[in-house]
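Here is the structure we will look at.
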Amino acid sequence: MSFPFTTANTVHRLWILFPVLIILSYGYGVGAQNSSDVTNVGAIINFNSRIGKEQKAAMEVAAEDFNNRSKTHKLILHFRDSGRDPFRAASAAEELIKEKKVEAIVGMETWQEAAQVADHAGTQSKVPVISFAAPTITPPLMQRRWPHLIRMATDASAQMKCIADLVSAYHWKRVVVIYEDDGYGGAVGTLAVLSEALRDVGSKIEHRLILPRVSSLSNPNWVELEELLKLPLIQSRVFIVLQSSLPTVTHLFRVAKKMGLVERDSAWIITESIASLLDSLDSSDMSTMEGTLGTKTYYAKNTNSYAKFQNEFQTKFSEEDNSKPGIYALRAFDTMTIITQALRRMTSNSSTSNLQELLNTLFNNYTGLSGKMYFKEGGVLLYSPKFRIINIVDGKTDKELISWTPEVGFSPSLVNQGTYSSNGVGIIWPGNVTSAPKGWAMPTDEKKMRILVPGITSFYKFVKVDWSRQDSDEKKFDGFCIALFKMIVSNLSYSLPYEIEARNGSFDSLLNLVQNKTYDAVVGDITVLSERLEKVDFTQPYLESGLSMIVPENYEESTWLFLKPFTWQMWVVTGGILIYTTLIVWFLERPSNPEFGGPFKDQIRTATWFTFSSLFFAHREKIYSNLTRVVVIEWLFVVLILSSSYTANLSSMLTIKRLDPNVTDIEMLKRTDAKIGSDADSFIVNYLEVVLGFKNSNIIEVGPQYNVDDFKSKRISAAFLELPYAEVFINQNCKGYTSTAPNYRFGGFSFAFQQGSPIARDFTKAILELLEKEN
């Protein structure tokens, strides 16, 4: 009996609900037909990377915010995985345009992906493309080729300058650059910009290490990577990792740690694209990167908008251990926010329907979570890009050390705190040390520094090798240069194990052995020259150098030397004045002075004696006439002048050695075709011929120590030596030879090290300290 009642009741209810169903069906149909209420946006990201996951969560947050606020317009995101493959990204873009009818495409982690998508989507379908990547070097006419492409990425040029300034701050002269081969040459532009930035600060890339792609490695133990990291001839221990996937960079540090490359005296620097991936690693992988420095774009974290976004982001990104948003998430959120603003304007103003123009306008002078931006030639740039230097400590990347801007460089306030000062205060370096690394393969007791000294030198006072002794015998090597080297080593703030070897050959050949890294340094009397600076790094010169000319003295001992102070004309004038004064005195004193009386001969004798003895102020005769006194006063004044001049000239002749007039001038030597001597192994021979213009046939090669027999036999008229050699020669042959002051200056005597060696700078500092103490 209940069944008819139940059926009637059900039918009655259906009739009541029927109008409601009609209304709902009508409403759904209108929404579906009015396609302007729904905007489809495509997002092409890397689903497997930390950056891609952050971008996806950030874009979803922005889309949900818009959908919750808008009652008339909805934004639907269509995500596609690119896998960092440009062709896969282009295929995804084509599918999104044709099937999902997207009105804009965002994403693309690499520039290769962005270029392919811009070609297929922007150029052909005229769909706005907003990429999170940009080329390091902007191609010419880029805006004309891709008019619908908007690039929103890190300023790679500014980031490379930041890294170069970091290298310069610690005086690292050589670096090793590491990057993963992406198959498309993506790091070439970044490498070129980094090379130029390093050159501007006086550093250079010593070696480029290209890592194979993960898919190309056949051995799961990464044996190929270990082989690549064997750097037998590379001394630099400053490693800059430009780009790499997370698996590759993880194994890179594992292998480097195993090989001892992430230890004391080494430094590792990673770029932002790598630093942003590390938060998803576990503690075991992060421990291999302890002490690494990295760069990250600065953004404000103390705003209400950032706090709100962080809460919403962490809700969606809760599966990660570190769910704080990075710069890539902020850029993705800002991009979607601008797209939603464009949609609002298009909805409120039907006359504005061009999404591309709206996006270009909104991106200009927009302040978002990632900073204040401006739009220029298709690129979205920050008004003042600012980078933070981070330090990986205890497996975390949140230790921020210092900030950097292109206009100021590193923040002065943090510099004053010693954050990146020479002692590395506040930074934990590889090997868990706080002192700044040398960035160089420093010598150890197992691998000592190989020092080369010249076997034959111009003067043994500087370097002397006793070939009868073994190399291990310290007495085998002697001389001023060796003693100075040992003194400097003892004054260094660290231990420097070394071993010395001697080789015969020219200085240039010895320097070539340092340049090709057979030896670490050359110690000896080596002159700094401009062409030699291209081969090695020199220390501060410890002795000044210049071209000095040695010539024999024209020194003749003569019995009549006392007559040389005056010329014969002067002697005649002096004698004439003497006779004239004698006659005047006799004439004036004869009438009244009894001492001038007597026979005529006695009068003349007395007058002559009086005048002559007055030369030595030894006269005893009295003078009666006032006129005689006037004459005598004038005579004594003349006597004073004559005696002073005579004494000065005679003293000068006895103490100052005079040169032979025939060899006092270089031009005279060339005009007379005089023979000159020079060391055969010295650069002086070439200097005399090329610079000073001497004929090669007139340059005589003389052996070491410059035997004086070459002068005595008239084989040479002059010898050209460097100033320190000339001083030694004069000290050994102090009689019979003299030297001229050097008119041609050279760089001085110095020690030579491999280019980029920090030990050269430490030696320079020690030499300057010794020179300052000596002064």
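The relative contact order of the chain comes to 11 percent, based on Cα pairs under 8 Å that sit 6 or more residues apart.
Can you give the calculated 222 nm mean residue ellipticity of the chain, where each DSSP H run of n ≥ 4 adds -39,500 (n - 2.57) and the sum is split over every residue, rounded to the nearest 500 deg cm²/dmol?
Working: 25 runs with 312 residues, N = 775.
It lands at -12500 deg cm²/dmol.
Per residue, the chain exposes an accessible area of 50 Å² to a 1.4 Å probe, with every protein chain left in place.
How much length would be gained if the chain were fully extended between Lys517 and Thr303, taking 0.36 nm per residue of separation minus their Cα-Cα distance, in nm to one decimal? Additional length available on full extension: 71.6 nm.
Helix 50-69 and the longest principal axis of the C-alpha atoms of the chain enclose an angle of approximately 50°.
Which net charge results for the neighbourhood of Lys447, defined as the other residues with beta-carbon distances under 11 angstrom from its beta-carbon, given Lys and Arg at +1 and Asp and Glu at -1? Can you show the working numbers first?
Details: positive: Lys448, Arg450; negative: Asp445, Glu446, Glu499, Asp520.
Here the charged neighbours net out to -2.
Counting only residues at least eight positions apart within a chain, or on another chain, the lysines with an alpha carbon under 16 Å from that of Lys714 are Lys675. Applying 1/(1 + (r/R0)^6) with R0 = 22 Å to the Cβ-Cβ distance of Thr434 and Leu492 gives a FRET efficiency near 0.70.
With a cut-off of 13 Å between beta carbons, the residues surrounding Arg213 carry a summed charge of -4, where Lys and Arg count +1 and Asp and Glu -1.
Taking every alpha-carbon pair under 8 Å whose residues sit at least 6 apart, segment 666-746 reaches a relative contact order of 31 percent. Taking R0 as 51 Å, what's the FRET efficiency between Glu400 and Ala674 from their Cβ-Cβ distance, rounded to 0.05? Efficiency, rounded to the nearest 0.05: 0.10.
Can you tell me the relative contact order of segment 561-657? Whole percent, Cα pairs under 8 Å, sequence separation 6 or more.
On the way: 62 pairs, mean separation 31.8, N = 97.
It comes to 33 percent, rounded to a whole number.
Neighbours of Leu233, meaning other residues whose beta-carbon lies under 11 angstrom from its beta-carbon, give a summed charge of +1 when Lys and Arg score +1 and Asp and Glu score -1. Per-atom-type breakdown for the chain gives carbon and sulfur 54% of the accessible area (1.4 Å probe, protein chains only). Ranked by the mean number of other Cβ atoms within 10 Å per residue, highest first, peptides 328-335, 630-637 order as 328-335, 630-637. Phe87 sits with roughly 130 Å² accessible to a 1.4 Å probe, with DNA, RNA and ligands left out of the calculation. Angle of helix 626-655 to the longest C-alpha principal axis of the chain, folded into 0 to 90 degrees and rounded to 10: 50°. Relative to the longest principal axis of the Cα atoms of the chain, the long axis of helix 568-589 makes an angle of roughly 50 degrees. Partners of Lys173 within straight-line reach, counting lysines whose Cα lies under 18 Å from its Cα and excluding those fewer than 8 residues away in the same chain: Lys161, Lys204, Lys438, Lys517, Lys535, Lys765. So I have (1) 153; (2) 201; (3) 304, and one of them is volume of the Cα convex hull per residue in Å³ calculated from this model. Which one is it? So the calculated entry is the one marked (3).
The values are calculated or read from the model by the stated rules, or taken from the named source; none is laboratory data. In this text, all values refer to a predicted model and were calculated from it rather than measured experimentally. Heads up, the Cβs are rebuilt from the backbone with ideal geometry, glycines too, and the neighbour counts pull from every protein chain shown. Ligands, DNA and RNA are excluded from the accessible area calculation, which covers all protein heavy atoms including side chains. Shrake-Rupley method; radii C 1.70, N 1.55, O 1.52, S 1.80 Å.
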